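What follows is a short report on a single structure.
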Amino acid sequence: MIDNSKSQEYWESAAKKQKELNRSFTHNDPYMPMLETNAIITKISAGDSVLEIGCGACDNSLGYMKKATKYIGVEKIETFVELSREKIKENNISNSSILMDDGYEYVKDTEFRADKLLTQRFLINLRNRELQLDFFKWVKKNSLNRNLKLIVCEGFYEEMHNLNMLRKLIGLNAIQVSDYNNFLDSNFISDVVDVGYEVEDCIIFNDYYFITRIFNTDLFESNVDIQKLGYEIENSNLMKIKGDISYTKIYFMRFSK
């Protein structure tokens, strides 16, 4: 079992708070998860079997469950597993199940069959780059479906740095990466390609981050009006920010032939 003690402690605490207060502590705004979920759902087909590694409390997963034919979530935090199973029951969803297991160990030790494998900020909770890259090696080794598609929604350092440089220009403090997170670097995706993958598509959220991380200067005082503005602009073609300040990216990948 790999040791991700800081990440484990944080998520155990967050899960208990979520259960007690009945609200998610994953995001400080409601719109970024909506943008991610909307983008991911477009890549899930009605007949798909979906495997989500590190599903948390399934705050973003109900839409995936409802669109897919079969959904399996893997989560190691017991309270999150309980909350996920409660959501499935409350929504009368019959095609979905939650396994209590470490996501990395699961793909390392288990042969699995799925049409889509999804991570949503799972990789950044692994303690180092070697484990992050090994995750892709194990997926390729143990997938029984050679046409498996991966949907990888994760955080990236360089784009966070670009955004912080903009914030610095107008006197704003830098946004810090939490000490329990290990964001991916600029060469990571090319290294994933080298171990046997192809990138089919990548979705970024420059407009949303510009509106909500520059105009809305205090991330811990949620400004829903500004977040809604960013959400609508991101979904439209009215404005497209050049450069790359989207420290969240969604990569759509498959095995190379």
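Derivation of every value follows stated rules applied to the coordinates shown; laboratory data play no part. What you see is a predicted model; the values in this text were computed from it and never measured. Quick reminder, even Gly has a Cβ in these numbers, built from the backbone with ideal geometry, and neighbours come from all protein chains shown.
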Taking only Cα atoms, what is the 0 to 90° angle, nearest 10, from helix 224-235's long axis to the longest principal axis of the chain? 70 degrees
Compute the acute angle (0 to 90°) between the alpha-carbon long axis of helix 78-90 and the principal axis of greatest extent of the alpha-carbon atoms of the chain; round to the nearest 10°. 80 degrees
Straight distance only, please: which aspartates and glutamates reach the Cα of K87 with their own Cα at less than 18 Å, same-chain residues fewer than 8 apart left out? E20, E52, D59, E75, E78
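Report, in debye and to the nearest 20, how large the dipole of the stretch 64-200 comes out about its Cα centre when Lys and Arg carry +1 and Asp and Glu carry -1 on their Cβ.
Details: 20 positive and 22 negative charges, 99 e Å.
Charge dipole, the stretch 64-200, about its Cα centre: 480 debye, nearest 20.
Rounded to the nearest 5, what % of DSSP beta bridges with both residues in the stretch 5-255 are antiparallel?
Details: 14 of 35 bridges.
That works out to approximately 40 percent antiparallel.
Quick check for me: using +1 on Lys/Arg Cβ and -1 on Asp/Glu Cβ, what's the dipole size of the chain about its Cα centre, in debye to the nearest 20? Walk me through the numbers on the way to the answer.
On the way: 33 positive and 39 negative charges, 116 e Å.
Around 560 debye, computed over the chain.
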With runs of 4+ DSSP H residues as the only contributors, calculate the mean residue ellipticity of the chain at 222 nm using -39,500 (n - 2.57) per run, divided by the residue total and rounded to the nearest 500. -12000 deg cm²/dmol
Using only Cα atoms and rounding to the nearest 10 degrees, what angle (0 to 90) does helix 129-142 make with the longest principal axis of the chain? 40 degrees
Determine the alpha carbon to alpha carbon distance for each of K6/K76; K140/K249; K149/K240 and list only those over 19 Å. K140/K249; K149/K240
Just how far, in whole angstrom, is the stretch 228-250 from the stretch 54-110 if you go by their alpha carbon centroids? 29 Å
For L51, L21, L35, what's the fewest-to-most ordering of other Cβ within 10 Å of each Cβ? L21, L35, L51
Using a Gaussian network model on the chain with a 10 Å cutoff between Cα atoms, which of R23, R127, R113 fluctuates the most? R23
